[in-house]
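See structure below.
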Amino acid sequence: MLLVSLSDGPKHGYAIQADIESFSATRLGPGTLYGALSSLERDGLIQALPVDQRRRPYQITRIGREQLRQQLDELERIRQRVTSAVT
């Protein structure tokens, strides 16, 4: 969900949290959010940008976009299989 949120441009933590809540009805707590951001940054999927008015924005990297595309492709294969099974 974090990669999806960052796919349309850089955001700081609170903006990511609000965006995820708006498209998924899931509220990430600060520990979950910042733990995930740390893991994604460590894995090279996102990068932190310079602090802007005491907020640290993050942006998705090229590798992060590739990972997101792979995850979305996998979800599409699952959706197709489920759809064919129930029709």
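Bear in mind that the values in this text are calculations on the coordinates, not laboratory data. These numbers were taken from a predicted model, which means no experiment stands behind them. Because the Cβ atoms are built from the backbone with ideal geometry, glycine has one as well, and the counts that use them run over all protein chains shown.
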### Message
Testing the spin-label approximation: label points 7 Å from Cα along Cα→Cβ at Arg27 and Val86. State their distance in nm.
### Response
2.8
## Note on the structure
HN-Hα couplings for the stretch 57-69 via Karplus (6.51, -1.76, 1.60; θ = phi - 60°), in whole Hz with x for Gly/Pro, come out as x, 10, 9, 6, 9, 4, 5, x, 5, 5, 5, 4, 4
## Note on the structure
Expressed in Å to one decimal, the Kirkwood Rh of the chain from all distinct alpha-carbon pairs is 13.9
### Task
Report, in debye and to the nearest 20, how large the dipole of the stretch 27-78 comes out about its Cα centre when Lys and Arg carry +1 and Asp and Glu carry -1 on their Cβ.
260
